[in-house]
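Some notes on the structure that comes next.
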Amino acid sequence: MMKKNTLIELKIEDMNNLGNGVAHSDGFAVFVPGGVTGDTVIGKIIKVTKSYAVARIEEILSPSPYRTTERNCRYHKRCGGCIYRNISRDYELEIKRNTVISSLRRAGISDISVEETVTDTKSDRYRNKAQYPLSKDKDGNINIGFFSQKSHDVIDIDDCLQLPEIFTRISLLFRDYVKNNSISVYDENSGTGLVRHLYLRTSQTESISMCVVINGNKLPDEDGFVKHFTDAVPEISGISVNTNTRNTNVILGDSYRTLWGAEYLEDTMCGLNLRLSPASFYQVNRNVAEKLYSIAADKAGLSGEETLLDLFCGAGTIGLSMAHRVKRLFGVDIVPDAIENARYNAGKNGITNAQFTVADAADGEGLFSAAKRALGDDFYASVIILDPPRKGCTRELLTAVAQHAPERIVYISCNPDTLARDIVILRELGYDTSSVTPVDMFPGTGHVESVCLLSKVSVR
């Protein structure tokens with residue numbers, strides 16, 4: 001029986017999407033944080049359960065050919081955001097493809113091919129959005145950065161390689177402003193303190209939307225705050241405050257108030273000019289999102305005669321990118337600001353065949369009722385786009401979609417496990433797919449997007 005604190009030689013056989021190497025000792029699985037496939041290491045057992053153990057690397061006897069120091073970030077071992085910075089990009093893409101394969105197999109699916117992972121040449125500085133938590137440590141220092149792995153301890157970070165350098169400049173200015181003006185920082189244990197998060201977004205034109213999330217209604221000396229940051233960072237195009245007074249891990253509250261400048265961020269994607277409110281969903285990696293939406297459009301097989309239903313549509317980017325290839329587009333999202341943006345984006349781009357409405361896309365019966373109220377009882381969408389959050393689709397939604405009987409469903413997923421689960425359900429409901437395409441939306445991290453086409457077949 002394996003015992004805690006013992007030293008053991010391990011050969012790393014594989015890696016998982018948590019960044020752990022996977023080894024075995026006498027048939028017993030051992031997970032090794034930081035281990036890379038092909039490493040031989042001396043590991044110290046730090047945890048033992050009935051089904052697996054965890055070992056900490058004490059010495060690397062023989063490094064893996066996939067191991068690299070070229071992508072190093074001095075924070076990644078503590079932060080945990082970029083779990084693949086110790087391996088080559090090519091191997092990272094292979095792991096992400098294998099992650100999708102493994103999810104399908106765990107769901108009992110072995111007859112679907114998984115294509116090579118689609119990527120972009122840019123693997124650093126790709127994010128257009130950041131949400132920085134703030135905290136005060138035991139010595140009274142204010143930290144701004146990201147949570148340490150498996151905790152809510154904020155690591156004070158002076159640069160993140162996923163983010164534009166200007167985000168770092170603003171975040172450090174903000175930390176110093178809060179400290180120098182004796183503004184209180186939120187404490188999640190007591191529920192007291194004012195400033196919770198700094199929320200930044202940027203666009204292709206490098207204009208910056210700055211939003212401060214507070215446990216209250218206003219910042220001290222808001223005019224002075226605006227002048228300080230607009231003088232220091234002329235790229236800032238708008239400053240707002242978001243109020244979140246709930247004792248919750250959810251970052252954003254429901255109420256926004258513009259302090260200065262533009263209420264919206266402007267960007268371009270897939271040839272569209274877009275308006276984005278702070279509450280609107282928008283892919284954080286614009287360049288790869290364009291690739292993803294192009295793949296989705298190709299899989300949809302649009303001829304120009306279809307009615308396209310875009311569920312979880314956000315600011316409308318996916319559906320609007322395909323609007324010129326369909327007869328009619330109808331989008332649904334539960335966020336009113338997002339639907340307002342989608343309507344504006346359609347008009348700004350001269351798209352006249354699109355309609356958008358506020359409804360819960362997860363509520364199958366309700367959303368089809370909303371579509372019929374807007375478009376008539378004869379409403380029929382021959383192609384439906386599903387782009388749900390990580391939890392995937394409810395069975396009720398998938399049942400309602402199947403009862404609507406579209407010819408094709410394009411499913412975009414940010415979670416291979418829930419995609420695999422939902423493919424199983426859709427197969428039961430008469431839809432099937434032959435392949436899934438992984439897309440590397442988040443280089444360096446354990447996350448992978450996927451897109452597949454499910455076509456109508458006979459009910460099994």
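Laid out as a table, the results:
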quantity: Residues (modelled with pLDDT of 95 or more and in a strand (DSSP E or B)) located in region 26-36; calculated: A29, V30, F31, V32
quantity: Selection count, region 275-330, where residues are without any contact (Cβ under 8 Å) to a residue 24 or more places away in the chain and in contact with a strand residue (DSSP E or B) (Cβ under 8 Å, 6 or more places away or on another chain); calculated: 1
quantity: Test for L426: is it on the phi < 0 side of the Ramachandran plot and touching a residue at least 60 places away in the same chain (Cβ under 8 Å); calculated: no
quantity: Residue among G350, G446 that is in contact with a Lys or Arg (Cβ under 9 Å, 6 or more places away or on another chain) and in a loop (DSSP other than H, G, I, E, B); calculated: G446
quantity: Residue match in region 173-185 (condition: under 21 Å from the mean Cα position of the chain (by Cα) and acidic (D, E)); calculated: no
quantity: Selection from region 402-417 of residues that are part of a helix (DSSP H, G or I) and surrounded by 22 or more Cβ atoms within 10 Å (Cβ to Cβ); calculated: P416
quantity: Flag if I318 is surrounded by 23 or more Cβ atoms within 10 Å (Cβ to Cβ), under 20 Å from the mean Cα position of the chain (by Cα) and within 25 Å of E428 (Cβ to Cβ); calculated: no
quantity: Selection within region 383-401 - open to solvent by 20 Å² or more (accessible area, probe 1.4 Å) and either over 20 Å from A315 (Cα atoms) or free of Cβ contacts under 8 Å to residues at least 60 places away in the same chain (or both); calculated: R390, K391, T394, R395, E396, T399
quantity: Flag if L219 is touching a Cys at 6+ places or on another chain (Cβ under 6 Å) and in a loop (DSSP other than H, G, I, E, B); calculated: no
quantity: Residue match in region 343-355 (condition: open to solvent by 10 Å² or more (accessible area, probe 1.4 Å) and under 21 Å from Y411 (Cα atoms)); calculated: yes
quantity: Pair list, Cβ under 8 Å, 6 or more apart: region 361-373 residue free of Cβ contacts under 8 Å to residues at least 40 places away in the same chain and over 17 Å from P389 (Cβ atoms), other residue outside any helix (DSSP H, G or I) and not acidic (D, E); calculated: G366/A359; F368/F379; A370/V332; A370/T357; A370/A359; K372/F379
quantity: Subset of region 156-204 [among the polar types (S, T, N, Q), under 22 Å from Y256 (Cβ atoms) and at pLDDT below 95]; calculated: S203
quantity: Which numbered condition V54 fails, given (1) out of contact with any Ser or Thr (no Cβ under 6 Å at 6 or more places or on another chain); (2) over 27 Å from I101 (Cβ atoms); calculated: (2)
quantity: Positions within region 253-262 being assigned to a loop (DSSP other than H, G, I, E, B) and either of a type in the set (F, W, Y) or under 19 Å from I236 (Cβ atoms) (or both), in sequence order; calculated: A262
quantity: Output for region 285-321, where each listed residue is of a type in the set (A, V, I, L, M) and either under 20 Å from I334 (Cα atoms) or touching a His at 6+ places or on another chain (Cβ under 7 Å) (or both); calculated: L308, L309, L311, A315, I318, L320
quantity: Subset tally (residues that are open to solvent by 20 Å² or more (accessible area, probe 1.4 Å), more than 19 Å from the chain's Cα centre (by Cα), under 28 Å from I318 (Cα atoms) and touching a residue at least 40 places away in the same chain (Cβ under 8 Å)) for region 238-262; calculated: 2
quantity: From A371, A362, A381, A338, residue being part of a helix (DSSP H, G or I), of a type outside the set (F, W, Y) and over 22 Å from M269 (Cα atoms); calculated: A371
quantity: Residue satisfying all of: in region 263-274; in contact (Cβ under 8 Å) with a residue 40 or more places away in the chain and part of a loop (DSSP other than H, G, I, E, B); farthest from T119 (Cα to Cα) among these; calculated: Y264
quantity: Filtered residues of region 321-335 (kept if in a helix (DSSP H, G or I) and open to solvent by less than 10 Å² (accessible area, probe 1.4 Å)); calculated: M322, A323
quantity: Inter-residue pairs, beta-carbon under 9 Å, first under 14 Å from S434 (Cα atoms) and in region 96-123, second in a helix (DSSP H, G or I) and among the basic types (K, R), 6+ apart; calculated: I109/R427; V114/R97; E115/R97
quantity: All positions within region 23-36 that are open to solvent by less than 20 Å² (accessible area, probe 1.4 Å) and in contact (Cβ under 8 Å) with a residue 40 or more places away in the chain; calculated: V36
quantity: Test: residue in region 1-13 that is open to solvent by 60 Å² or more (accessible area, probe 1.4 Å), at pLDDT below 95 and of a type in the set (D, E); calculated: no
quantity: Residue in region 433-450 that is open to solvent by 20 Å² or more (accessible area, probe 1.4 Å) and farther than 23 Å from L93 by Cα present; calculated: no
quantity: Some residue of region 418-429 being in a strand (DSSP E or B) and modelled with pLDDT of 95 or more; calculated: no
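The values are calculated or read from the model by the stated rules, or taken from the named source; none is laboratory data. Since the structure is predicted, the reported quantities are computational estimates derived from the model, not experimental observations. Backbone-built Cβ (ideal geometry, glycine too); neighbour counts: all protein chains shown. Ligands, DNA and RNA are excluded from the accessible area calculation, which covers all protein heavy atoms including side chains. Shrake-Rupley method; radii C 1.70, N 1.55, O 1.52, S 1.80 Å.
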